[in-house]
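Have a look at the structure below, then the notes.
The values are calculated or read from the model by the stated rules, or taken from the named source; none is laboratory data. Please read these numbers as outputs of a predicted model, since none were measured by experiment. Positions of Cβ are backbone-derived with ideal geometry, glycine not excepted, and every protein chain shown enters the neighbour counts. Accessible surface is based on the protein model in full, side chains and every heavy atom, while ligands, DNA and RNA are left aside. Shrake-Rupley method; radii C 1.70, N 1.55, O 1.52, S 1.80 Å.
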Amino acid sequence: MKYPPELSLAPFAGPRYWPTWLLLGCMHAAAKLPRAWQLRIGRTLGRSLQRLKRREHRVARRNIELCFGDLSTAEQRRLLDRHFEAVGMSFVEMGIGWFTPIERLLKRVTVHGREHLDEALARGKGVLLFTAHFTTLEVGVAVLEALVPRASCMYRPQRNAMMDVMIRRGRHRFAKEQIPRDNVRALLRSLRDNSAVCYLPDQTYLGKQSELLPFFGEPAVTNTATSKLAAISGATVLPYFFRRLPNGDYRVDIGAPLADFPSESALQDTERLFALLESYIKVAPEQYLWLYKKFKGRPPPLPDVYAR
C-alpha cells in the first residue's frame with residue numbers, strides 16, 4: 001500500500017523510537033500467527049500489564065465497581081482480570097486490523113446488518129457510524145475497507161509522534177481521510193461527500209456540546225453532538241458495534257436507524273444512543289475500555305470517584 005508523505009515512518013529512526021519500532025514489529029508478527037497463538041500471547045500480555053500498570057488497574061477497578069455494582073466482589077475481580085486480557089489482546093488486534101489482507105480478515109469477521117449501511121449510503125447524505133472505544137476497535141473498523149466505497153474516521157493525536165503516525169497509517173487502509181476530533185467542518189464536509197464516518201463520542205467531553213447523563217446509572221459528562229451533527233448534515237446515524245467471539249473470530253453489528261432521529265431534544269437522542277451502547281457492552285463487558293476515567297470532570301457536589 002502506498003502512503004502519503006505525512007504517514008512516512010522515516011523521521012523516526014532515532015534511538016528514542018526504538019521501543020515503538022519493536023512494538024510495530026511485534027504487531028506485524030502477531031498478525032501472521034495462528035489465532036490460538038494470538039489469543040495466548042494477547043492474554044498473557046494483558047495479565048502482565050495488569051501487574052505493571054497500577055494506575056490503570058485502579059481506574060478500571062473503580063469503573064467496574066461503579067458500573068457493575070450488582071456483581072459480587074469476586075465477580076468484579078474476574079471481570080477485571082478478563083478486561084486486562086482483552087487489553088493485551090488489543091495490541092495483537094492492532095496488528096490483525098492493520099496488516100491482515102482484507103480477504104483473510106473477512107474470513108474471521110461476520111458482519112450483521114450490512115443492509116442498513118447500504119440503504120443509508122443510498123440516501124446520499126453520508127452515514128455517522130455511532131461506535132465506541134472497545135478493545136477490538138482496530139479489527140472492527142478495518143472491515144469497512146470492504147463495506148463502503150468511502151470511509152473516514154475521527155482521531156485524537158497521540159503524544160508519541162511515531163505512535164500517532166502508526167495509528168493513522170494502520171487506519172489508512174479503510175479511512176483515507178482522518179479527521180481531528182475538534183474539526184467539525186471537516187466532518188460535515190466528509191458527510192456531504194457521502195462518506196461513512198466512524199464517530200466515537202463515548203469518552204468524556206467537557207466542551208459546550210455536553211450534558212450530565214447516566215452511564216450504567218452513574219452520572220457522566222457526555223457528548224451530545226451526535227444528534228446535532230445528524231440534524232445539520234442530514235446524515236443517517238447507525239449503531240456500529242463489534243466484539244471478539246470465544247473462538248477468536250469477530251462479529252460486527254450494524255444497527256438499523258433509530259426512528260424519529262434526530263429529534264428536537266439532543267439530550268433524549270443521546271440517552272437513546274447510550275442505552276444501545278450499554279446493552280451491547282453487557283454482551284461482552286470485558287471488551288469495553290474501562291482503563292479510561294469515564295466519570296471525570298463532573299461538577300460539584302458530585303464526588304471525584306477516582307480520588308485516592
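In this entry, Tyr199 passes the filter for residues that are touching a residue at least 12 places away in the same chain (Cβ under 8 Å), surrounded by 19 or more Cβ atoms within 10 Å (Cβ to Cβ), in contact with a strand residue (DSSP E or B) (Cβ under 7 Å, 6 or more places away or on another chain) and not small (Gly, Ala, Ser).
The set of residues from the stretch 152-173 being open to solvent by less than 10 Å² (accessible area, probe 1.4 Å), in a strand (DSSP E or B) and of a type in the set (A, V, I, L, M, F, W, C) comprises just one member, Cys153. Gly126 falls short on exactly one of the conditions (1) on the phi > 0 side of the Ramachandran plot; (2) open to solvent by 20 Å² or more (accessible area, probe 1.4 Å); (3) not aromatic (Phe, Trp, Tyr), and that condition is (2). Out of all the residues in the stretch 174-191, which are surrounded by 15 or more Cβ atoms within 10 Å (Cβ to Cβ), of a type in the set (D, E, K, R) and not in a loop (DSSP other than H, G, I, E, B)? Glu177, Arg189 - these are the residues of the stretch 174-191 that are surrounded by 15 or more Cβ atoms within 10 Å (Cβ to Cβ), of a type in the set (D, E, K, R) and not in a loop (DSSP other than H, G, I, E, B). Against the list (1) touching an Asp or Glu at 6+ places or on another chain (Cβ under 7 Å); (2) touching a residue at least 60 places away in the same chain (Cβ under 8 Å); (3) more than 24 Å from Leu147 (Cβ to Cβ), the condition Thr204 fails is (1). Taking the stretch 136-146 as the range and being crowded, with 19+ Cβ neighbours inside 10 Å and aliphatic (A, V, I, L, M) as the test, the residues that pass are Leu137, Val139, Val141, Ala142, Val143, Leu144.
Checking Leu80, Leu33 one by one, the residue that is surrounded by fewer than 17 Cβ atoms within 10 Å (Cβ to Cβ), closer than 28 Å to Asn247 by Cβ and out of contact with any Cys (no Cβ under 9 Å at 6 or more places or on another chain) is Leu33 and no other.
Pairs linking a residue in the stretch 251-280 that is free of Cβ contacts under 8 Å to residues at least 24 places away in the same chain to a residue that is in a helix (DSSP H, G or I), with Cβ atoms under 7 Å and 6 or more positions apart or on different chains, are Leu258/Arg272.
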